[in-house]
Structure formats: C-alpha cells, structure tokens
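Here is the structure we will look at, set down as structure tokens.
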Amino acid sequence: MRKLIETTFITLNGVIEEPQRWSPPYWDDEHAAYSQGLMEGVDAQVLGRVTYEGFADAWMQRSGDPFTDHFNAMPKYVATRTLTDWKWNAQPLEGDAAEAVRRLKEEDGGNLIKYGTGSFSKTLLENKLVDEYHFWIFPVVADGANMFRGDSIDLTHLELLGTTTFKSGIVVHKLAPKA
C-alpha cells in the first residue's frame, strides 16, 4: 500500500496562508536537501484546489534541475468540485475525495505527497488517510489563516517520529497518527 505524506509550512503563530510571502528568507541548502529527501519514493501528488492553482502557476515556469523536473513531471490528483481546465499533469479526484485518495493509496506505485494545509487536509485527517506529516515550523509570525481555520476537528494524537532543525531556524516535526 502506498503511503500518503503531508508536508506544510507553518509560522510560529500557526499561519499557513501565503507561505511564499514569509518563508523564502529561510530557504537554503538544508531546506533544499530535506525537500529532495521527501520526494524519494514519491511518484504522485495529491493537492487541494487552492494549492494546485498556486503551484501550477509557479512551478510550470521552472525547469532544469532534478527536483523541479521530477516535481513537474509527476501526476497530480486534485480535490475540487469546480475546476474544469486541467494543466500541469493534473486531473480531478473523481467522486468523494476521501474515497478517491483511499483508492489511490491501494494502487501499486510509489508514495503520494500532499503539499499545503486547508479544508482538504481536514477531510484527510478525519478519514485517517495521512500516514505521515512533516510540519515545517518557520521562525516568523505573520497574519493569515491558521491551520484548519478554526474548524471543529476530532481530537487526534500524533506520534513524533523525528525532528530536524536547520541553521536557518526552521524546525521540521515528522509525525504520524497514533494507532
């Protein structure tokens, strides 16, 4: 069975919105190496609509290094009820998004990776579909939407699998849902 890995950037005060605005000053070789490591064994992305739209606009313009070329080439499965125009090797998750992800996880192939956190992440959490979380905590505070946007969610305990600290001040917590 394929594993679903969720990775997201978050500020010290829990903001997840517009990481392109507050995270770039912290990107360095350690950041790049960790990102590259996350992609090992991954052959498809699962994205919410908002992340897909932002990523497609930003990433389709890039090429020329192994990470970017792999990132752009892999299939993307998008949770949406509104999009009809597809680009960047993307297609919709058909039917119920949680069931579609469950089917993807049961298929043969490499792992799945999901970037960003929003309403789709809540759906995945509620349906116990994420196998591993990588929360990148940046040493910055910012205005914006917080993780899960104040939605009511079931109490969920996570087990710490490891912590990575970068010289830039980023701390990545690798967590898994407790059995």
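Mind computing the radius of gyration and Dmax over the alpha-carbon atoms of the stretch 130-179? Å is fine for both.
12.8, 35
Rg/Rh for the chain: what does it come to with C-alpha atoms and Rh from Kirkwood?
Dividing the radius of gyration by the Kirkwood radius yields 0.93.
Please state the Cα pair-distance histogram of the stretch 1-75 with 10 angstrom bins from zero: what percent is in each bin?
15, 49, 34, 3
Can you compute the FRET efficiency between Glu159 and Arg103 using 1/(1 + (r/R0)^6), with r the Cβ-Cβ distance and R0 = 30 Å? Round to the nearest 0.05.
0.70
At a 1.4 Å probe radius, which order do Asp96, Asp28 fall into by accessible area, largest first?
From most exposed to least exposed: Asp96, Asp28.
Roughly speaking, to the nearest percent, how much of the stretch 79-179's 1.4 Å accessible area is carbon and sulfur?
Of the solvent-accessible surface of the stretch 79-179, carbon and sulfur hold 47 percent.
Heavy atoms of the protein only, probe of 1.4 Å, neighbouring chains included. What is the accessible area of Val171 in Å², nearest 10?
Only protein atoms counted, so the area is about 40 Å².
Taking the simple approach of a point 7 Å from Cα along Cα-to-Cβ for both Arg21 and Gln91, what is their distance in nm?
Distance between label points: 3.6 nm.
Among all the lysines, which ones have a C-alpha under 29 Å from Lys105's C-alpha, if same-chain residues fewer than 8 places away are not counted?
Reachable lysines: Lys3, Lys76, Lys87, Lys114, Lys122, Lys128, Lys174, Lys178.
Working only with C-alpha atoms, what are the Rg and Dmax values of the stretch 61-152, expressed in angstrom?
Spelled out, the Cα radius of gyration and Dmax of the stretch 61-152 are 15.1, 43 Å.
Counting Lys +1, Arg +1, Asp -1, Glu -1, what net charge surrounds Leu124 among other residues with beta carbon under 11 Å of its beta carbon?
Every neighbour counted, the sum reads +2.
Determine the per residue accessible area of the chain with all protein chains present and a 1.4 angstrom probe, expressed in square angstrom.
Accessible surface, normalised per residue, equals 53 Å².
Based on the mean of other Cβ atoms within 10 Å per residue, sort peptides 39-45, 155-161 so the most packed one is first.
Highest-to-lowest ranking by the protection proxy: 39-45, 155-161.
The values are calculated or read from the model by the stated rules, or taken from the named source; none is laboratory data. Since the structure is predicted, the reported quantities are computational estimates derived from the model, not experimental observations. Note that we place each Cβ from the backbone using ideal geometry, even for glycine, and neighbour counts take in every protein chain shown. SASA here: full protein model, heavy atoms, side chains in, ligands and nucleic acids out. Shrake-Rupley method; radii C 1.70, N 1.55, O 1.52, S 1.80 Å.
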